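As structure tokens, the structure follows; a few thoughts come after it.
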Amino acid sequence: RATSMGENAGTLHLGEAAMATLRRRLVTLSEHRLKVVDDFAVYADLASLFSDIGRMAGNGSSASSSPDRSRRTVRLEVARAVWVLRQDPAKPWSVRALASEVSLSESQLTRLFREELGIGPAAFLWNVRIDRMAEHLVENHLSVAEASRETGWSSRSAASRAFKRRYGISPVEFARERAERLLIPE
């Protein structure tokens, strides 16, 4: 509950269940520096964290009711779509399915993605899949075929080509370099 007066004004008092939810979000954010992630992944996790805090504080207001719209960074629908894609990148997403998930038309979702993130939803999903593939290669020690399958790629070779375009090296080289770095103390 949020207090509104006295010396604790602005303090948010949360129960154990709420703290457990926030703790998971904070751990995810703190792990970003150890993982291969893009800025959008960090922004999506931050948006989720702040959304949870706002909901727990009882602030059900939406971004559109904010008095200073210029300070809003990402529309709620886009943040929700980003979150949905990051939760299940292996799902065979289409723009239509994603738009339906966040209650927008396909054209509106695509327009908002381009305005807010500079890329379309399909390109964003492509990046999420590649980044998740990188995580699987390093953290779970999966083969390229397994990592590509786990992240929703229908073709190992297409996944490898996309990976090399994004990271500049093949998935096998990437996994080998990361493993070597983890073994060398700083």
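Just so it is clear, none of the values below were taken in a lab; they were calculated from the coordinates. As the structure is a computational prediction, the values presented were derived from the model and not from experiment. All Cβ positions, glycine included, derive from the backbone under ideal geometry; neighbour counts span all protein chains shown.
Worth a mention:
- Extreme residue, surrounded by the fewest Cβ atoms within 10 Å (Cβ to Cβ), among residues of the range 136-186 that are over 21 Å from the mean Cα position of the chain (by Cα) and hydroxyl-bearing (Ser, Thr, Tyr): Ser154
- Single residue of the range 147-171 satisfying the filter (among the aromatic types (Phe, Trp, Tyr) and assigned to a helix (DSSP H, G or I)) that is nearest to Asp88 (Cα to Cα): Phe163
- Among (1) surrounded by 20 or more Cβ atoms within 10 Å (Cβ to Cβ); (2) farther than 19 Å from Phe163 by Cβ, the one test that Thr110 misses: (1)
- The set of residues in the range 88-137 that are in a loop (DSSP other than H, G, I, E, B), charged (D, E, K, R) and in contact (Cβ under 8 Å) with a residue 12 or more places away in the chain contains only Lys91.
- Some residue of the range 119-130 being surrounded by fewer than 18 Cβ atoms within 10 Å (Cβ to Cβ) and of a type in the set (Val, Ile, Thr): yes
- Unmet criterion (only one of (1) in contact (Cβ under 8 Å) with a residue 60 or more places away in the chain; (2) in contact with a helix residue (DSSP H, G or I) (Cβ under 6 Å, 6 or more places away or on another chain)) for Phe163: (1)
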